[in-house]
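The values are calculated or read from the model by the stated rules, or taken from the named source; none is laboratory data. Since the structure is predicted, the reported quantities are computational estimates derived from the model, not experimental observations. Cβ: placed from backbone, ideal geometry, glycine included. Neighbour counts: every protein chain shown.
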Amino acid sequence: MKPSYTPAEKRERAWLLLRTSKQAVADAVDSRLVNRLDRIEQRAEERALREGESLRRRLELAKDAHADARAAERTAPRADKGAARRATREAHKQVMRIENEIHRHYR
C-alpha cells in the first residue's frame, strides 16, 4: 500500500529529503530531520490504512446496491425494465470504479 501524503507533507518531505541527502554526503545527518521524516511517513501510512478501510466499506455498500438493482430489474414490470437496466448498469459502474480505486490504492 502506498502512503497517502497531503500536499504540505509532500513539500516538507521533499525539502527534508534534500536536506538529509546533502548532510549524508557530509556524513553529518541531523537526527531531528530524520525524526520529522519518520513522523510524516507514519502519518501517511496511517492515513492510507484508513482510506483503504473506507474504500472496502464503500465497496460492500456498492455491491449491496448492485444486488438490489439486479433484483429490482428482474422483478420490474415490462414498462419499467429499461429504467431498471440503466439503474443496474450504473450500480455496476460504481462497483467497478471503487474496485479500480482499491487496485490503485494498493499498488
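List of remarks:
- Where a residue in segment 36-55 is among the β-branched types (Val, Ile, Thr) and its partner, wherever it lies, is not in a helix (DSSP H, G or I), with Cβ under 8 Å and at least six apart: Ile40/Tyr5
- Selection over segment 1-33 of residues that are surrounded by 10 or more Cβ atoms within 10 Å (Cβ to Cβ) and either outside any helix (DSSP H, G or I) or polar (S, T, N, Q) (or both) gives a count of 11.
- Exactly one residue out of Glu73, Glu60, Glu99 is acidic (Asp, Glu), surrounded by 16 or more Cβ atoms within 10 Å (Cβ to Cβ) and farther than 23 Å from Pro7 by Cα: that is Glu73.
- Breaking point among (1) in a helix (DSSP H, G or I); (2) exposed (fewer than 11 other Cβ atoms within 10 Å of the Cβ), for Asp68: (2)
- Condition met for Ala79 (surrounded by fewer than 16 Cβ atoms within 10 Å (Cβ to Cβ), more than 20 Å from the chain's Cα centre (by Cα) and within 29 Å of Leu49 (Cβ to Cβ)): no
- Test: Arg36 is of a type outside the set (A, V, I, L, M), at pLDDT 95 or above and crowded, with 16+ Cβ neighbours inside 10 Å: yes
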